[in-house]
Amino acid sequence: MKSVQYINLTLSVPEEIYDLAYGVISDYRTRGIEEKFDELVITFDYDYFTAEIEADLLAQLRMIDNSISIKGKEIIEEKNWNAEFEKNSPVVVVNERIGIAPEWKLNELNTSLKIIINPKMSFGTGDHATTRLMCKLMEHSVKPDSNWIDAGCGSGVLAILAIKLGAKSVFAFDYDLWSVENTMENLILNDISNEIQVEHAKIENIKLPPAHGIVANMFSNLLIASMEKFYNSLKDSKGVLIISGILKYDKTDVIKSAESNGFKLINEIFEDEWVALQLAVRC
Amino acid sequence: MAKKVAGVFKLQLNAAEATMAPPVGPAFGQRALNGMEFVKQFNARTQKQKGYIVPVVVTFYADKTFTFEVKSPPAAVLLKKATGIQSGSAVSNKNKVAKVSVQQLEEIVKAKMQDLNCDTVEAGVSMIKGTARSMGIVVE
């Protein structure tokens, strides 16, 4: 994994002018800000945060209040921030047939179809409602010897499930390097190698191959923007599209976009405030 | 019985673009909270505010669960978007850098109403006027 670094810049800022300070800081490319008492900790990408950026930011902030000063600067190395939580990663029973567990808890899983996911700062341990919803819709959609695409594969859980349900191949990709690495590790744990091809790519830039099915657990805006691309991949096989990462309040917008791009809604299932949709290419 | 609150922290994040990179990863990781869960929920909830930095208040509990509340973007950020200015005035009482209409202020107040400590749009406009003045923006 490529080493990634960040800079945390700690500024002394009176709390009563935080709002004005955000007006200034929002002009710079930040990862985010943590508010503390009379102190703002701003995170920048290491490569972006030059001496010029630092001087310019400080000068702009001092136009609001001349007392604003730098309290500290710290280089932060990328690591698995979720490690503490992941130690207690749960065993997830999706339904009577499908279960997901980390390697060290596999013996607690009693389902007939077991997916091993060792978590590593990637989405898809089964702990989240959308992963479970996707698994449920996939269970009766994946046909033997079919070819699938897992868009935004995270831990690789859905790609692995597709193969375990009988698919011949899966093309999986994610924009996040942690996810690509974690998917590859999880493939080995599940004794899968040649059937799944994993790539580091953004959906905006990738050409999807023809497929019988696509799974995409992403976000509403990204799903809507990708609908035409999904259709082009599935049109020849009259394939199936299974999507989630959709809050129930956004469901109508996503369905509208799908229908205007040649899909019809087959099924929708809910858990908490999340929804997963099963769509098919309209004949 | 209500869950026992273990603490609260506040972040400002780019709407719909949170990742596990700092500040999210360390803020959740040091408290052994599931940061991935937060990223998924935060990005889904803030899809319509993409392009803005938004405050988020995270409350975490003794059982290592958490809830969070996304607030409206800071008034200064909304004023800059509304007026198209790059930065506020260095001497706001003398040099004026932009103009904003009362109608524009009302739109900002409507976007921020749930977070403002006031009951009416008029009262909200008075509050946002104060921020505008501090930035050297004239209200017409």
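Laboratory data are not the source of any read-out in this text; all were calculated from the coordinates shown. Remember, it's a predicted structure, so these values are computed and weren't measured experimentally. As a convention, Cβ positions derive from the backbone with ideal geometry for all residues, glycine included, and neighbour counts pool all protein chains shown.
Remarks
- In order along the range A:247-255, phi translates into HN-Hα couplings of 6, 4, 5, 9, 4, 4, 4, 5, 5 Hz, rounded to whole numbers, per the Karplus curve 6.51 cos²θ - 1.76 cosθ + 1.60 with θ = phi - 60° and x for Gly and Pro.
- For the range A:129-281: relative contact order, % (alpha-carbon pairs under 8 angstrom, 6 or more apart): 24
- Cβ-defined net charge surrounding A:Asp253, 12 Å radius [Lys, Arg +1; Asp, Glu -1]: +2
- Net charge dipole, the range A:1-101: roughly 440 debye, given to the nearest 20, about the Cα centre with Cβ charges of +1 for Lys and Arg and -1 for Asp and Glu.
- About its Cα centre, chain A has a charge dipole of approximately 1500 debye under the convention of +1 per Lys or Arg Cβ and -1 per Asp or Glu Cβ, with nothing else charged.
- Semi-axes of the equivalent ellipsoid for the range A:5-84, Cα gyration tensor, largest first, Å: 22, 15, 10
- In the range A:129-281, taking the dipole from charged Cβ atoms about the Cα centre, the farthest positive-side position among A:Ile242, A:Gly262, A:Val142 is held by A:Gly262.
- On Cα atoms only, tilt of A:129-139 relative to the major axis of chain A in degrees: 20
- Nearest-20 debye value, chain B charge dipole, Cβ charges on Lys, Arg, Asp, Glu: 260
- Only DSSP H runs of four or more residues enter the estimate; each adds -39500 (n - 2.57), and after division by the residues of chain A the mean residue ellipticity at 222 nm equals -8500 deg cm²/dmol.
- A:Asp56 versus B:Ala6: modelled label distance in nm, points set 7 Å from Cα along the beta carbon direction: 4.1
- Residues A:Ile75, A:Ile100, A:Ile206, sorted so that the one with the fewest Cβ neighbours within 10 Å comes first: A:Ile75, A:Ile206, A:Ile100
- Environment charge at A:Val198 (Cβ cut-off 10 Å; Lys +1, Arg +1, Asp -1, Glu -1): -4
- Estimated from the Cβ-Cβ distance and a Förster radius of 51 angstrom, the FRET efficiency linking A:Glu103 and B:Met113 is about 0.55.
- Viscosity 1.567 mPa s, temperature 4 °C, Stokes-Einstein D of the protein assembly as shown from Kirkwood C-alpha radius, µm²/s: 56
- Rg ratio for the range A:171-283: its Cα radius of gyration over 2.2 N^0.38 Å, N being its residue count, equals 1.10.
- Ordering A:Ala55, B:Ala132, A:Thr125 by Cα displacement along the dipole of the protein assembly as shown toward the positive end leaves B:Ala132 in first place; charges were set at the Cβ atoms of Lys, Arg (+1) and Asp, Glu (-1).
- Distance from the alpha carbon centroid of the range A:3-32 to that of the range A:180-210 works out to 36 angstrom.
- Per-residue ³J(HN,Hα) for the range A:171-182, Karplus 6.51 cos²θ - 1.76 cosθ + 1.60, θ = phi - 60°, Hz, x for Gly and Pro: 9, 10, 8, 8, 7, 9, 5, 4, 5, 4, 5, 5
- Order of A:Leu109, A:Leu234 under a 10 Å beta carbon neighbour criterion, fewest first: A:Leu109, A:Leu234
- Once backbone amide H atoms are built at 1.01 Å from N, A:Gly32 has A:Thr43 as its partners under 5 Å, excluding neighbours fewer than 5 places away on the same chain.
- Near B:Asn14: Cβ cut-off under 11 Å, other residues only, Lys/Arg at +1 and Asp/Glu at -1. The net charge is +2.
- Summary value for chain A: 13 percent relative contact order, contacts being C-alpha pairs under 8 angstrom separated by 6+ residues.
- Per-residue ellipticity at 222 nm, computed for chain B from helices alone with -39500 (n - 2.57) per DSSP H run of at least four residues, works out to -11000 deg cm²/dmol.
- For chain A, the longest principal axis of the C-alpha atoms and the axis of helix A:51-62 are separated by about 70°.
- Note, ³J(HN,Hα) from phi for the range A:114-122, Karplus 6.51, -1.76, 1.60, rounded to Hz, x at Gly and Pro: 10, 10, 9, 10, 8, x, 7, 6, 10
- Since only B:Pro22, B:Ala75, A:Thr30 are under comparison, the one whose Cα sits farthest along the positive direction of the charge dipole of the protein assembly as shown, derived from C-beta charges on Lys, Arg, Asp and Glu, is B:Ala75.
- Per-selection Kirkwood Rh - the range A:87-162 (Cα, Å, 1 d.p.): 12.6
- Cut-off under 5 Å, modelled amide H: who pairs with A:Asn267 long-range: A:Gln278
- In the range A:61-192, the C-alpha radius of gyration followed by the widest Cα-Cα span (Dmax) gives 19.2, 68 angstrom.
- Mean Cβ count within 10 Å, highest first, over the residues of peptides A:149-157, B:11-19: A:149-157, B:11-19
- Measuring between their Cα centroids, the range A:228-283 and the range B:17-66 lie 27 Å from each other.
- 0 to 90° range, to nearest 10: angle between helix A:220-234 axis and chain A longest Cα axis: 40
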